[in-house]
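Visitor: Below you will find the structure I want to go over with you.
Every number here is computed from the coordinates shown, using simple stated rules; none is lab data. Note that the structure is a prediction, hence the values are computed from the model and not measured. As a convention, Cβ positions derive from the backbone with ideal geometry for all residues, glycine included, and neighbour counts pool all protein chains shown.
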Amino acid sequence: MDSSHAAAAPAHDGGHATVQTYIRVAVVLAIITAIEIGAVYVPGLPSHALVTVIIISGILKFALVVAFFMHLRYDSKLLTVLFVGPLIIATAIILAIMALFGAYLLLARA
Amino acid sequence: MAAEHAAAAHDPNIGCTGLDHRKMGMWAFLGSECMFFGSLIGTYLSYKGKSINGPGPHEILNIPLTSVSAFVLLMSSLLMVLALAAVQRNDMKWGKIWLFMTALFGAGFVGFQCYEFTHFVHQGLTLQTNLFGSTFFVLTGFHGAHVTGGVIWLLALWVLALRGRLGAPDSLKVEICGLYWHFVDIVWIAIFALIYLIP
C-alpha cells in the first residue's frame, strides 16, 4: 500500500459532499431525466420548445454531475480551469462545425 | 501556503500548486477528451439529415430502450461516489460492494449498447450504409469503448480491494477512476440528449 496517498489527500481536498448530498443529487438527476424523456412524448409540443427543454435538462445534469459527483465544486479552481477551458473549446468546435455545414438544431434546414 | 510547500517536500506527487499530479493529469486528460468527443458530436450533428439513403435516426433509434440504459449509467455514477465515500472512511466491505455494483451497471450499459448495435445491423444500418450510420457508430462506439475501459479499471480496483491492497490511504486511486467514470457519464448525457432525444 502506498502510504504517500495519505499525505496527498488532505493537501488538496477542500472537503467533499456527504452521502446524503450524493443521494439528493441522484434523485434530482433522475427527475430531470424523467422530464427530459417525458417532453419527447408530449403531443403537440413545438420543436423549438422540445429542443430547449432537452438542452437545458442536459446542461443541468452535466453541471450537477461535474459539481457534486466529480467534486469540482469543492476542489481547487485550477482544476475547474483545466476542465472548463477545453469544454468551452469543445462547444466552440461543435458550433463552428455546425455553422460551416449549415446544420442547425432549432431552425429548419433549407 | 507553507503547509502546501511542506507537503510538497515530503510527497513527490504534490507539485508547487499544492495539487496531486495524478489528479491534475486526469483533469487535463478529461479536458482533451472533451475536445475529442466535441469533434465527434459536431460531426454527427453536421451530417444529421444529410444521408441519401436510409435507414435514418427516426426509423431506427429506440428511445425507451436507450432511456433505460442512460438511467443505468446515470445511477452507476451514484454507486461510484458511494464507493469512493466508503473507501475514504475505510469501510472496505461497502467499498467492495459499491465498486462491483458500479462495474456491473457499466457492464449492463455496454450490454444494452451491444444489443442496440446488433439490432441496427439486422435492420440494415452499418458503418458503411450512410452518413448517419458512419457518424452514429463512430461516436457511440468510441463512447462504448470508453465505458468498457472504465469497467475494466473498476474491476481492477475491486480485485485490489478483494486482496486487501486498497484502503483509505489509496482513496485517490478510486477518486481518479471515479473522475473518469463520471466523465463517460456526462458524455452520455450529451449524446443521449443531442442524438436520441432531439428530433
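Visitor: Take B:T118 and decide whether it is hydroxyl-bearing (S, T, Y), free of Cβ contacts under 8 Å to residues at least 24 places away in the same chain and not in a helix (DSSP H, G or I).
Guide: Details: hydroxyl-bearing (S, T, Y): yes; free of Cβ contacts under 8 Å to residues at least 24 places away in the same chain: yes; not in a helix (DSSP H, G or I): no.
No.
Visitor: For segment B:121-145, which positions are part of a helix (DSSP H, G or I) and more than 18 Å from B:G42 (Cβ to Cβ)? Spell out the reasoning first.
Guide: The first filter runs over segment B:121-145 and keeps only residues part of a helix (DSSP H, G or I), leaving B:121-122, B:131-145.
Across segment B:121-145, the qualifying residues are B:V121, B:H122, B:G144, B:A145.
Visitor: Taking B:T126, is it out of contact with any His (no Cβ under 8 Å at 6 or more places or on another chain) and more than 17 Å from B:W188 (Cα to Cα)? Explain how you work it out, then say what you get.
Guide: Values: out of contact with any His (no Cβ under 8 Å at 6 or more places or on another chain): yes; more than 17 Å from B:W188 (Cα to Cα): yes.
Yes: the conditions hold for B:T126.
Visitor: Among the numbered criteria (1) part of a helix (DSSP H, G or I); (2) within 13 Å of chain A (Cβ to nearest Cβ), which single criterion is violated by B:P199?
Guide: Status for B:P199: all satisfied but (1).
Visitor: Within segment B:169-195, which residues are of a type outside the set (A, V, I, L, M, F, W, C) and more than 9 Å from every other protein chain (Cβ to nearest Cβ)? Give the derivation first.
Guide: Let us first name the residues in segment B:169-195 that are of a type outside the set (A, V, I, L, M, F, W, C), namely B:169-171, B:173, B:175, B:178, B:180, B:182, B:185.
Within segment B:169-195, B:Y180 is the sole residue that qualifies.
Visitor: Another question about this same structure. Could you check segment A:44-86 and list, in sequence order, the residues that are within 10 Å of chain B (Cβ to nearest Cβ) and among the basic types (K, R)?
Guide: The one that is within 10 Å of chain B (Cβ to nearest Cβ) and among the basic types (K, R): A:K61.
Visitor: So for segment B:131-140 (the condition being closer than 24 Å to B:G38 by Cβ, crowded, with 20+ Cβ neighbours inside 10 Å, within 14 Å of the chain's Cα centre (by Cα) and not basic (K, R)), does at least one residue qualify? Reasoning before the result, please.
Guide: Of the residues in segment B:131-140, the ones closer than 24 Å to B:G38 by Cβ are B:131-140.
This time we only want the ones that are crowded, with 20+ Cβ neighbours inside 10 Å, so: B:132-133, B:135-136, B:139-140.
When the remaining residues are screened for being within 14 Å of the chain's Cα centre (by Cα), the result is B:139-140.
Now narrow it down to the ones that are not basic (K, R): B:139-140.
Yes, some residue in segment B:131-140 is closer than 24 Å to B:G38 by Cβ, crowded, with 20+ Cβ neighbours inside 10 Å, within 14 Å of the chain's Cα centre (by Cα) and not basic (K, R).
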